[in-house]
Every structure is written in C-alpha cells, then in structure tokens.
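The values are calculated or read from the model by the stated rules, or taken from the named source; none is laboratory data. These numbers come from a predicted model, not from an experiment. As a convention, Cβ positions derive from the backbone with ideal geometry for all residues, glycine included, and neighbour counts pool all protein chains shown.
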Amino acid sequence: MHIDLLAQILAVAVDHGHIPSNPAVGKRRRLKVSKPRPVHLDSAEQIAIVLEAAGQLDRGEQVVDVRDRRGRAWQQRQPVQTSGRRAVIATLLLGGGRASATGSLLWRDVDLANGRFEVGRDKTDAGMREVDMLPLLREILTEHKAASANTGPDDPVFVTTAGAPRSRHNLRQDVVDAVVAHENRLVRERAAQPLPLGITPHKLRHTFASILVAIGKDPTYVMAQLGHTDPAFTLRVYAHTMRRSDDERARLKALVEGHDWAHIGHKTSESASAAAERDSA
C-alpha cells in the first residue's frame, strides 16, 4: 500500500518534469511476501480440549496466573462474565463461518429441527450458502438456545455480556483469544499436546474443512459447505488430512458425531503391548 501511494505521488512528479522516471514502479521494488504458515487444528483431542476450555469460561471458571510483590507466582481460579463462548467456538470449528458472518447470525438463520443454518451475510456470493450441522454442533446450539434470554427470529445468536451482537473483532478477542489462553493453561496442567501457534477465527474455519475431509466428505461438498469456488485450498486440506492415521480420523468422526471417541485405537495398542510382554516372557 505504501509503495502504491508513493508510485502515485511520483507519477505526478514525472508528469510535471521534476524527475525523469518513476523509481517506485516495477516488480523489483516489491519484496516477496512469504505465505503464512498453515495452522491445522484437526485432532479429536485438540478440538475436545478447546471446547472444554470454552465451556469452563461459560461457567465462570478461569484459571489466571498471579504474582505477589516478591515475585512468587501461582495459579488461581477467578469468576468471569461470559456469554456463549462454547457455542461460538463450536460454530467456527464445526460450521466453518467467517468471523463476521458468525457474529451476524440470527436465530431465523438456524434450523435446529432439520440440522442446518444459513449464511446470508457473507463477503462473497459463494459465501451465501446453507450449511449442514454436524451432530455435535447441533447439540451445542440447542443447549445454547435453551440458555439464551432472547431467541426471537431477529435476535442475534451470539451476543456479548451487554447483549449486543458480537462483531468480528469482539469474536476474536473476547472469544477465540480468551479460549485459547485458557486452553493453554489446561494443557500445561495436564502435560498435553499444545495447540499450534496462530489460532484465529479464520484458522478455525480451516479446521472445519479438515474435519469434513477426515469424516469422508468429497471435495465438491467441502467447497460448498465452506463457500469456496477455488478447489486449490480444498485439495491442500485433503493432502494434509490424508496423512493422519486411520485411528485419528476415526476419533475425529466419533467426536463430531457425538460418540465416545477417546478409546478408539487404544485397544489395538494395548493388545500389542500385551503380546510383546508375552513374547519377552
């Protein structure tokens, strides 16, 4: 943007004969911008702990790091005021909406009876679409509606503690950033695998694509659910997700369908360990 503005200014200088040529014009004047590192949040364990962290914040449980005047540090739980963070996170993870479209979702857009919702205020024509709810998302949104004070057709689905619709900035700072910070504390407590750096609402949207691929949806369906017209992104997601083990994809499918997922794949490893012990004996 700075180079473009400078080029416009210098073009006027060239027209008036102040300089012989425009030094801001040309590809060599621009630095190559590296592509952002891909962030994939596509294991059942990671998704489950993010939803758990959001649920704890909704219940007013927040672990914070505190330090006294002597520099001694410890953790303590503090009550917080929140409003539906788990439902927001679930919609981003399992519904794939952009932050602005998710924040502007109205209850008239959500059809819990038939398990779908409409995205009608997106930034592209392709973005205006109907999204099928995964069973876990349908369950979470049903609970969210039952706990909401205002559920008329034109009431926003996601509101702040003041009752205002969540903007994309509020959705990122007050929901995603807060949940990730709390999740990081849970991970440290449990010595679990931490989330990748750079989690944003848009990266959670990418997670939705990974989930659809992992549970066996074809590329055309994935593109339609995301509101994409370019298959390149979908194919990159396929290439990444197919590197996951069959057990991991099975755990992810069980999670989003509302089934017990934690035991999948463990029986095989236990049997192998038992066989190894017998052989060594």
> What residue, among those in the range 219-263 that are charged (D, E, K, R) and assigned to a loop (DSSP other than H, G, I, E, B), is farthest from E45 (Cα to Cα)?
Replying inline: D230
>> Going by what's in this entry, would A101 be described as assigned by TED's automatic domain parsing to the domain that holds A209 and in a helix (DSSP H, G or I)?
In response: yes
> Out of curiosity, is V179 farther than 15 Å from S83 by Cα and under 18 Å from the mean Cα position of the chain (by Cα)?
Replying inline: no
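Results for (1) touching a Lys or Arg at 6+ places or on another chain (Cβ under 9 Å); (2) of a type outside the set (V, I, T); (3) under 23 Å from Q46 (Cα atoms); (4) at pLDDT 90 or above, shown as yes or no for each residue.
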residue	(1), (2), (3), (4)
P135	no, yes, yes, yes
T151	yes, no, no, yes
D154	yes, yes, no, yes
D174	yes, yes, yes, yes
> Do any residues in the range 189-215 that are within 16 Å of E45 (Cβ to Cβ) and free of Cβ contacts under 8 Å to residues at least 24 places away in the same chain have Cβ atoms under 9 Å from those of residues that are among the charged types (D, E, K, R) and surrounded by 20 or more Cβ atoms within 10 Å (Cβ to Cβ), where the two are at least six apart or on different chains, and which pairs are they?
Replying inline: P194/E183
> Taking the range 163-218 only, how many residues are surrounded by 15 or more Cβ atoms within 10 Å (Cβ to Cβ) and not in a helix (DSSP H, G or I)?
Replying inline: 8
